[in-house]
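Colleague: The structure follows.
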Amino acid sequence: MCKIAAGTKILCRVNRTLDKGDFSILHQLNWFNMSVHSNSEYARRTWFKERSLAGPIIFTVADGLIHNADNIAEFLAGDGYEIYAYIGVNNMKINSPVMFGDTLRAEAEVVELRPTKNQERFLFVYKNRAYNQRDQQVIEYQTTMMVTKKE
């Protein structure tokens with residue numbers, strides 16, 4: 001029975017609390033060093049009142065949560081598919097800031113699995129949403145991956 005059908009939930013196995021060390025290393029690795037993210041004195045004068053996690057890094061954390069320990073790969077393997085390539089991300093929306101000490105969790109849902117012109121490859125599309133510990137959605141986006149059918 002095919003479990004890869006529109007609306008199927010893909011469970012995330014981990015949550016992640018982000019502390020100051022996470023903020024520092026993630027911003028340095030991604031070069032998002034704008035003052036609101038790297039300068040506590042500046043950030044204190046913004047509506048955030050403290051440094052916040054940059055939007056693209058929120059995406060990195062949310063995507064990491066849903067892919068943690070090959071979660072997506074195992075889900076696809078259950079129906080005989082394997083990841084061939086990460087194609088792209090669409091419709092990304094940052095809904096709420098992520099602050100020091102927030103704990104994020106991700107929830108993904110299958111949008112579709114469709115064949116390509118190449119009979120050996122398929123497009124797998126899922127929507128991912130991440131929430132903080134107060135159940136506020138912080139980000140949502142749709143990912144497209146190319147997958148192949150294992151023989």
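Colleague: Take the residues of the stretch 67-93 that are touching a Phe, Trp or Tyr at 6+ places or on another chain (Cβ under 8 Å) and over 17 Å from residue 148 (Cα atoms): which is surrounded by the most Cβ atoms within 10 Å (Cβ to Cβ)?
Modeller: Here the residue is 92.
Colleague: Going through 83, 25 one at a time, which residue ends up being among the β-branched types (Val, Ile, Thr), out of contact with any Lys or Arg (no Cβ under 9 Å at 6 or more places or on another chain) and at pLDDT 90 or above? Talk me through it step by step, then tell me what you get.
Modeller: Details: 25 fails: at pLDDT 90 or above.
After ruling out the rest, the residue left standing is 83.
Colleague: Any residue at all in the stretch 31-41 that is of a type in the set (Val, Ile, Thr), at pLDDT 85 or above and more than 13 Å from residue 147 (Cα to Cα)? Show your work before the answer.
Modeller: Start the filter on the stretch 31-41 by keeping residues that are of a type in the set (Val, Ile, Thr), which leaves 36.
Cutting the leftovers down to at pLDDT 85 or above gives us none.
Within the stretch 31-41 (the criterion being of a type in the set (Val, Ile, Thr), at pLDDT 85 or above and more than 13 Å from residue 147 (Cα to Cα)), the answer is no, since none of the residues qualifies.
Colleague: Of the conditions (1) part of a loop (DSSP other than H, G, I, E, B); (2) touching a His at 6+ places or on another chain (Cβ under 9 Å); (3) under 24 Å from residue 86 (Cα atoms), residue 32 satisfies every one except a single condition; which number is it?
Modeller: Just one mismatch for residue 32, condition (2).
Colleague: Oh, and also: Can you give me the ranges of the helices (runs of 4 or more DSSP H) entirely in the stretch 36-133 with at least 1 residues that are polar (S, T, N, Q) and without any contact (Cβ under 8 Å) to a residue 12 or more places away in the chain? Write out each step before concluding.
Modeller: Numbers: elements: 40-44, 55-67, 71-77.
Fully inside the stretch 36-133 and qualifying: 40-44.
Colleague: For the stretch 50-66, does any single residue satisfy the condition of being over 17 Å from residue 145 (Cα atoms), open to solvent by 50 Å² or more (accessible area, probe 1.4 Å) and not polar (S, T, N, Q)? Working first, answer last.
Modeller: Going residue by residue through the stretch 50-66, those that are over 17 Å from residue 145 (Cα atoms) are 50-58, 61.
Filter once more, keeping what is open to solvent by 50 Å² or more (accessible area, probe 1.4 Å): 50, 56.
With not polar (S, T, N, Q) added as a condition, the list becomes 50, 56.
Yes, because at least one residue in the stretch 50-66 is over 17 Å from residue 145 (Cα atoms), open to solvent by 50 Å² or more (accessible area, probe 1.4 Å) and not polar (S, T, N, Q).
Colleague: In the stretch 1-47, what residues are open to solvent by less than 60 Å² (accessible area, probe 1.4 Å) and at positive phi?
Modeller: Selection gives 7 alone.
Colleague: Considering only the stretch 20-68, state which residues are polar (S, T, N, Q) and closer than 28 Å to residue 109 by Cα. Spell out the reasoning first.
Modeller: Filtering the stretch 20-68 for residues polar (S, T, N, Q) gives 24, 28, 30, 33, 35, 38-40, 46, 52, 60, 68.
Answer for the stretch 20-68, where residues must be polar (S, T, N, Q) and closer than 28 Å to residue 109 by Cα: 30, 52, 60, 68.
The values are calculated or read from the model by the stated rules, or taken from the named source; none is laboratory data. Since the model is a prediction, treat every value here as computed from it, not as a measurement. Every residue, glycine as well, gets a Cβ built from its backbone with ideal geometry; the counts of neighbours run over all protein chains shown. Note: areas computed on protein heavy atoms with side chains; ligands, DNA, RNA excluded. Shrake-Rupley method; radii C 1.70, N 1.55, O 1.52, S 1.80 Å.
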